[in-house]
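Report on the following structure.
The values are calculated or read from the model by the stated rules, or taken from the named source; none is laboratory data. Bear in mind that the values here come from a model prediction, so they are computed numbers and not experimental data. Using ideal geometry, Cβ is built from the backbone for each residue, glycine included, and neighbour counts are taken over all protein chains shown. Side chains are part of the model used for accessible areas, which takes the heavy atoms of the whole protein and leaves out ligands, DNA and RNA. Shrake-Rupley method; radii C 1.70, N 1.55, O 1.52, S 1.80 Å.
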Amino acid sequence: MYSLGGIRSLPANWRSTTASMTTTESVRKVPQVLTVAGSDSGAGAGIQADLKVCAARGVYCASVITAVTAQNTRGVQSVHLLPPEFVSEQLKSVLSDFEFDVVKTGMLPSTEIVEVLLQNLSEFPVRALVVDPVMVSTSGHVLAGSSVLSIFRERLLPIADIITPNVKEASALLGGVKIETVEEMRSAAKLLHEMGPRFVLVKGGDLPDSSDSVDVYFDGKEFHELRSPRIATRNTHGTGCTLASCIAAELAKGSSMLSAVKVAKRFVDNALDYSKDIVIGTGKQGPFDHFFSLKKDPQSSRCSIFNPDDLFLYAVTDSRMNKKWNRSIVDAVKAAIEGGATIIQLREKEAETREFLEEAKSCVGICRSHGVCLLINDRIDIALACDADGVHVGQSDMPVDLVRSLLGPDKIIGVSCKTPEQAHQAWKDGADYIGSGGVFPTNTKANNRTIGLDGLKTVCEASQLPVVAIGGIGISNAVSVMQINTPNLKGVAVVSALFDQECVLTQTKKLHKTLEESKKEV
Ligand SMILES: Cc1ncc(COP(=O)(O)OP(=O)(O)O)c(N)n1
Ligand SMILES: Cc1ncsc1CCOP(=O)(O)O
Ligand SMILES: [Mg+2]
């Protein structure tokens with residue numbers, strides 16, 4: 001009933017923004033989230049975190065407060081529940097007036113409060129419901145006791161589009177099952193999915209003995225393990241609220257669920273990394289800075305969704321090859337993603353602008369629904385017009401600092417570099433990664449100097465940015481590339497090995513398997 005924009009269709013009584021406007025002036029629809037959660041006087045978590053993350057992601061956020069906590073970086077000193085009738089009044093005020101794309105719930109401390117939420121949601125359907133089943137604060141204070149478990153299981157979870165429990169919350173919802181490994185997180189996600197939510201994200205931040213933070217995402221068919229290096233910091237207060245609200249904000253902007261989850265995880269990682277050494281409060285667990293992307297230092301001011309591990313299998317299209325094999329760019333991109341490509345670049349050297357733009361728009365839609373980033377080669381104009389995730393430029397294309405100022409801090413910029421000096425400049429100018437090659441001779445790019453494995457290694461060792469190798473790479477030699485074994489080398493970019501082939505899907509799968517195996521060997 002509460003359906004997700006872009007995934008489910010709009011409910012019949014969904015109002016158009018212009019319907020109630022009497023003015024002839026043009027109107028701009030702003031993505032809107034409603035958070036229903038508790039207040040944190042220390043402002044690291046709860047309503048305050050939700051408002052900050054939505055603002056940081058460019059989304060309007062209204063707030064219905066369920067409880068007020070006296071809280072700081074040392075813990076929760078006291079909790080005051082608001083009367084359910086008053087929670088209901090707040091809900092009616094905003095739901096009858098605003099046009100929320102997404103409702104996100106946090107602390108729902110009593111059955112009565114969940115009841116009034118359910119009642120109001122049935123009167124005012126919204127497009128998507130994100131449920132963060134907050135139960136215990138990070139300092140160990142109970143924020144919603146076991147009395148809410150039944151109504152969560154029986155009535156709230158079945159109408160949720162996504163639920164985002166941590167392992168303790170997942171265990172509580174499942175009656176106390178042990179969740180100590182990624183395998184157990186997967187089983188928990190599956191069992192929780194059977195309770196009715198369309199998607200489940202079990203957060204593994206609290207798992208013992210893991211150098212990575214691993215979250216398990218389940219869509220009812222497939223699992224995705226979302227990994228990122230654990231960031232050593234005391235400033236983790238509010239990560240759960242921030243993640244769920246960021247998912248809500250991205251959904252409100254039209255993202256698919258997987259893409260929203262990936263962006264949200266990256267946002268939290270970037271915020272933690274930027275804030276790892278700030279000191280706010282005297283307690284054990286401090287807040288972090290949601291507005292890191294506004295900060296002055298150009299190297300830290302980025303809020304990119306880019307994850308260097310996405311360079312693992314980088315598919316670069318070529319329209320001549322796709323024409324030769326009688327397929328569209330869109331079909332080529334779909335097959336590459338299905339085969340395991342982790343990032344896509346449209347490199348369409350001969351395309352007419354109008355046609356290229358339409359194809360690029362379709363590819364953006366496909367990539368976004370699969371949580372895979374899409375970059376455009378050379379053409380900043382096309383990247384801007386189709387809202388691609390970024391661009392790749394070479395040494396004779398538009399200068400990187402100018403590209404950055406045109407695209408803003410959120411977009412991904414890759415630069416071709418053959419030397420340590422170029423790699424250093426790319427970093428100074430604000431790039432996110434470099435492409436280095438041609439590693440081997442290639443027919444795909446004319447007059448391109450081959451730098452060999454030694455040249456690649458020299459660039460990787462000098463680079464402050466992650467590197468993807470390119471040029472003449474395929475199934476037969478990908479392992480030799482990854483075996484240069486420098487931490488910066490994150491993957492291979494390939495054109496002909498995927499697209500100058502009869503079956504893109506088969507070749508991508510094979511290359512993916514080869515790369516996975518090379519990872520085990522290294
Ligand atoms: C990942 C990646 N690396 C390098 C290149 C080459 O870019 P450039 O040097 O601008 O050459 P063209 O591709 O524009 O011919 C790339 N496209 N992708
Ligand atoms: C675009 C580019 N830049 C350096 S080499 C190259 C071509 C890579 O194509 P292929 O993977 O077919 O060798
Ligand atoms: Mg170029």
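Pairs linking a residue in segment 379-399 that is free of Cβ contacts under 8 Å to residues at least 60 places away in the same chain and under 21 Å from residue 314 (Cβ atoms) to a residue that is within 12 Å of ligand 1 (Cβ to nearest atom) and in a loop (DSSP other than H, G, I, E, B), with Cβ atoms under 7 Å and 6 or more positions apart or on different chains, are 380/398; 393/378; 397/378. Close Cβ contacts (under 8 Å, 6 or more residues apart or on different chains) running from residues in segment 441-453 that are within 21 Å of residue 317 (Cβ to Cβ) and within 13 Å of ligand 3 (Cβ to nearest atom) to residues that are part of a loop (DSSP other than H, G, I, E, B) and among the aliphatic types (A, V, I, L, M) comprise 444/495. Of everything in segment 113-137 that is in contact (Cβ under 8 Å) with a residue 60 or more places away in the chain and farther than 18 Å from residue 260 by Cα, the residue that is surrounded by the most Cβ atoms within 10 Å (Cβ to Cβ) is 134.
Give, as residue ranges, the strands (runs of 3 or more DSSP E) completely inside segment 306-405 that count at least 1 residues that are touching a helix residue (DSSP H, G or I) at 6+ places or on another chain (Cβ under 8 Å) and away from ligand 3 (no atom under 16 Å from the Cβ). Don't jump to the end; show me each part of the working.
Values: elements: 313-316, 343-346, 373-377, 390-393.
Ranges flagged: 313-316, 343-346, 373-377.
The set of residues in segment 337-354 that are under 20 Å from the mean Cα position of the chain (by Cα) and on the phi < 0 side of the Ramachandran plot comprises 337, 338, 341, 342, 343, 344, 345. Scanning segment 406-423 for residues that are more than 16 Å from ligand 3 (Cβ to nearest atom), modelled with pLDDT of 95 or more and open to solvent by 50 Å² or more (accessible area, probe 1.4 Å) gives a single hit, 421.
Regarding segment 195-217, can at least one residue be identified that is assigned to a helix (DSSP H, G or I) and closer than 22 Å to residue 246 by Cα?
Scanning segment 195-217 turns up no residue that is assigned to a helix (DSSP H, G or I) and closer than 22 Å to residue 246 by Cα.
What pairs come up if the first residue lies in segment 86-102 and is within 18 Å of residue 114 (Cβ to Cβ) and open to solvent by 30 Å² or more (accessible area, probe 1.4 Å), the second is small (Gly, Ala, Ser) and assigned to a loop (DSSP other than H, G, I, E, B), and their beta carbons are under 7 Å apart, counting only those six or more places apart or on different chains? Nothing qualifies.
Identify the residue in segment 346-402 that is more than 16 Å from ligand 2 (Cβ to nearest atom), among the acidic types (Asp, Glu) and closer than 25 Å to residue 425 by Cβ and, among all such residues, is least open to solvent (accessible area, probe 1.4 Å). Filtering first and then ranking leaves 389. Considering only residues in segment 475-490 that are under 29 Å from the mean Cα position of the chain (by Cα) and within 13 Å of ligand 2 (Cβ to nearest atom), the one that is farthest from residue 509 (Cα to Cα) turns out to be 481.
Each residue in segment 487-522 was checked for being open to solvent by less than 20 Å² (accessible area, probe 1.4 Å) and modelled with pLDDT under 95, and 1 pass. Counting only helices (runs of 4 or more DSSP H) that sit wholly inside segment 406-522, those with at least 3 residues that are under 17 Å from residue 344 (Cα atoms) are 496-499, 504-521.
Filtering segment 426-462 to residues that are open to solvent by 50 Å² or more (accessible area, probe 1.4 Å), modelled with pLDDT of 95 or more and more than 16 Å from ligand 2 (Cβ to nearest atom) leaves 454, 457, 458, 461. Of the residues making up segment 165-176, those that are open to solvent by 60 Å² or more (accessible area, probe 1.4 Å) and either at positive phi or of a type in the set (Val, Ile, Thr) (or both) number 1.
Only one entry of 184, 222, 194, 250 meets the criterion of being surrounded by 18 or more Cβ atoms within 10 Å (Cβ to Cβ) and free of Cβ contacts under 8 Å to residues at least 12 places away in the same chain, and that entry is 184.
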